[in-house]
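Working notes for the structure below.
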Amino acid sequence: MNFKNIINTESLSFRILTRVLLITVSLFVLTLSIYYIYTRNLIREAARENAIQLAGNIAGKIAQQLQPMEKLPQMVSATIEMGLFDKDSLIVVLETILKRNPNIYGASIAFAPNIFPEKGLYFMPYAYRNNNEIISTFLGSADYEYFLMDWFQIPFMTKKPYWSEPYFDEGGGNALMTTYSVPFYYHTEQGRVQGGIATIDVDLQWLTDIVSEVTIFETGYAFVLSRNGMAITHPDRSMIMNESIFSNSENWEEPLLREIGRDLQQGNSSFSEYNLKNKVKRWIYYTPLDAGGLSLAVVYPDDEMFASLHKMNLILLALIIFGLILLNFTVVKIVNRLARPLVDIAKTAHKIAEGNFNAPLPEVKSRDEIRLLRNAFVNMQQELGAYVANLTATTAAKEKIESELRIARDIQLSMIPHSFPPFPELPQIDLFAELKSAKEVGGDLYDFFLIDKHQFCFAIGDVSGKGVPASLFMAVTRTLLRSIADKVKSPSGIMKLLNNSLAMNNESCMFVTFFLGVLDISTGELSYVNAGHNPPVIIPGDGAVKFLPLANGIPLGLQENYEYPQFSLSFKDGDKFFAYTDGVSEAENSQHQLFGEQAILDVLMQHKSDHPIALIKAMDAAISQHVSGFDQSDDITMLSIAFNHGSANGTPRNKP
Amino acid sequence: MTLNIIHSGGFTIVQVDGHLNTLNAADFETQVMGLVERGDMKLIIDCSKLSYISSSGLRVFLLAQKKLRANKGLLKLCCLQPSIHEIFDMSGFTQIFLIETTLEASLTS
């Protein structure tokens, strides 16, 4: 494994790795997110329950202190109503209460105006602490009409006990205090009337002590609020009696605090979140206390609350990254180890492509797909080797056949005359012929020779089919023609003997269309016989070209003893003759259109005054133009003779 | 080239469709001679859909006729298209084969 392989973006390991990483990272992110959300909810729920319990404990402790204090003015009220106290001994009662309850700073019994006419408008015995002494006095004057104060008015009107808003008693104890007022009744001559209000002033120092004992995580705390949301206890002493939950809502620009404050005033409990001015999140649980008209709140700093979760997350993240790096290396290593044989196989494949079928393939020990591939390659190598060996042998055999065919072609071509002009010593005839086989060897033939001094024999033929069988039949025909013409001179006689020889034992039904003519070069008299061949064309020195008139005898080789009718005509000086095989008339182009007989006549008419060589070359050119490169499918043979000395008559005369 | 072989009234009718040339003549020979070997002695070659015939194709006709005549059988050709008929005329094959203009005629005569 080298570095280049690792970062190659097309390599198998890279592609597998990217996909594996994509899936695993997605899975991890999903798992971690679910875990985080779930755990966070769990922690918050635990914090809420913890807060409720904590608040309950604190509330219990406060109630333990406050409830006995509430009993005192209630007992005083009850005894006054029953008339058990003389109005002048009330001071003693109040002093006794103070002596026995160190948390009570002062106590009073404030009578409604004119309850005791002899005492006047005001009657309010009051005992309070001053340093370590208990001092008694009577309050109420034109300057201090106590019955107009809230602490008097509210319980008097509502006829219910009332805790006042806590306040700083600057003149007296210099301490935070609250006053508990209980209304009482009194029996006068007019009957049972509202007598006034019994009060105690409670020093709230102990409340601060209880609440400030509470610690939550590191910076969490508890504090007590008044009915108006004012801080009664707080770790930050500057807040006490200075800031309320509503003023902090404005200070910290956090409207949620106002909501909490209102909810609190309605006596509800809740666990909510809010932000400090610096956007530090806090969780708060608040609940009203049973006594004192107070509420308790416990504050949980968010970051501390979820610190363990965040720490756990960091550990998990580190573990995941470590795991992914490990996975990365493992995957790359495994894939590269698996892929190494593939690279070797690819190298071998190149060697095989270059023709080395014995190139060794890497050994694969695993029983996996790579091994299958390797075995397939071994098989392919063997098959290819065998195939190529076979192909080589076949090619050799084919080349041998082709070589033999080339020799056969040479032999076949040597059988027909091919030196032109053939008879330079005979000015009467000018002649040219051409044979083009579609395959190496063909079934077309032409021939010409002098039977004697004046008799010029010529022939053209086309054997059925093509290739080797046709060429053999052609060779037989040509050989027979020469040997028969040695003995028989008339065209019909030659034809009859030739046909009989070819038809004998012709089991394969091969046949040859054949035109044979004998021209007397001294007179221009042409005698001819046709055995099913395409009619040749006469090109008169004057007048239009036309097909040679003839009767259609059957091709040679089919029926023994067939009598071929013989015809004759006279060539005039300058007349020409053109014979061809169906390879000319049926020359095909790519649209399978045939060259046609009319085209032959047209070309001949156009070149009627040309020499036979030029005539045949012109025909060649016209055929080439027609087929325009389409493969030649049949042998093409043409023979043209020009007669330069002859008689007058061009009309054929039947000589049966 | 496609062949369609029908048996009717003791005759075996071979319908030849398309070109019969050097390339498919061997295949044609195998099929037609197969019929002859099998013993179908009365053969009609229906040339109504035969558009071209080469000398190799003609040779198969001849071969079939020769074999059938040797076994006292019979070969008829029918429905030659004008171009085919011209080839038959020119090469003298009209003298060798029994040629009918319609299939009905070849079945009855």
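The values are calculated or read from the model by the stated rules, or taken from the named source; none is laboratory data. Because the structure is predicted, anything quoted here is derived from the model rather than measured. Here the Cβ is made from the backbone with ideal geometry for all residues, glycine too, and neighbour counts use every protein chain on show. Ligands, DNA and RNA are stripped out before the accessible areas are found, and what is left, the full protein with its side chains, is counted by its heavy atoms. Shrake-Rupley method; radii C 1.70, N 1.55, O 1.52, S 1.80 Å.
Got at least one residue in segment A:380-400 being of a type in the set (S, T, N, Q) and under 41 Å from the mean Cα position of the chain (by Cα)?
yes
So which strands (runs of 3 or more DSSP E) stay within segment A:184-296 end to end and still have 3 or more residues that are among the aromatic types (Phe, Trp, Tyr)? Write out each step before concluding.
Numbers: elements: A:191-203, A:221-225, A:231-233, A:270-275, A:281-288.
Fully inside segment A:184-296 and qualifying: A:281-288.
Quick check: anything in segment A:508-517 open to solvent by 20 Å² or more (accessible area, probe 1.4 Å), more than 11 Å from every other protein chain (Cβ to nearest Cβ) and modelled with pLDDT of 90 or more?
No, every residue in segment A:508-517 fails to be open to solvent by 20 Å² or more (accessible area, probe 1.4 Å), more than 11 Å from every other protein chain (Cβ to nearest Cβ) and modelled with pLDDT of 90 or more.
So which residues in segment B:76-90 are within 14 Å of chain A (Cβ to nearest Cβ), in contact (Cβ under 8 Å) with a residue 24 or more places away in the chain and open to solvent by 10 Å² or more (accessible area, probe 1.4 Å), if there are any at all?
B:83, B:87
Among the residues of segment A:626-642 satisfying the criterion of being under 56 Å from the mean Cα position of the chain (by Cα) and of a type outside the set (Gly, Ala, Ser), which is nearest to residue B:54 (Cα to Cα)?
A:632
Quick check on my filter: what residues within segment A:461-476 are open to solvent by less than 10 Å² (accessible area, probe 1.4 Å) and more than 14 Å from chain B (Cβ to nearest Cβ)?
Within segment A:461-476, none qualify.
Do any residues in segment B:91-103 that are more than 10 Å from chain A (Cβ to nearest Cβ) have Cβ atoms under 7 Å from those of residues that are part of a loop (DSSP other than H, G, I, E, B) and open to solvent by 50 Å² or more (accessible area, probe 1.4 Å), where the two are at least six apart or on different chains, and which pairs are they?
B:100/B:109
Look at segment A:453-469 and say how many of its residues are out of contact with any Lys or Arg (no Cβ under 8 Å at 6 or more places or on another chain) and at pLDDT below 90.
Of the residues in segment A:453-469, 4 are out of contact with any Lys or Arg (no Cβ under 8 Å at 6 or more places or on another chain) and at pLDDT below 90.
Give me a count of the residues in segment A:530-547 that are in contact with a strand residue (DSSP E or B) (Cβ under 7 Å, 6 or more places away or on another chain), aliphatic (A, V, I, L, M) and more than 12 Å from chain B (Cβ to nearest Cβ).
Count: 4.
Quick test of your reading of the structure: residue A:135 fulfils all but one of (1) within 17 Å of residue A:169 (Cβ to Cβ); (2) part of a helix (DSSP H, G or I); (3) of a type in the set (A, V, I, L, M). Name the failing condition by number.
That leaves (2) as the condition not met.
Which residues, counting only those in segment B:5-31, are within 12 Å of chain A (Cβ to nearest Cβ), open to solvent by less than 70 Å² (accessible area, probe 1.4 Å) and not in a strand (DSSP E or B)?
B:21, B:22, B:25, B:26, B:29
Looking at (1) over 30 Å from residue A:588 (Cβ atoms); (2) small (Gly, Ala, Ser); (3) open to solvent by 20 Å² or more (accessible area, probe 1.4 Å), find the lone condition where residue B:106 falls short.
(3) is the only condition that residue B:106 fails.
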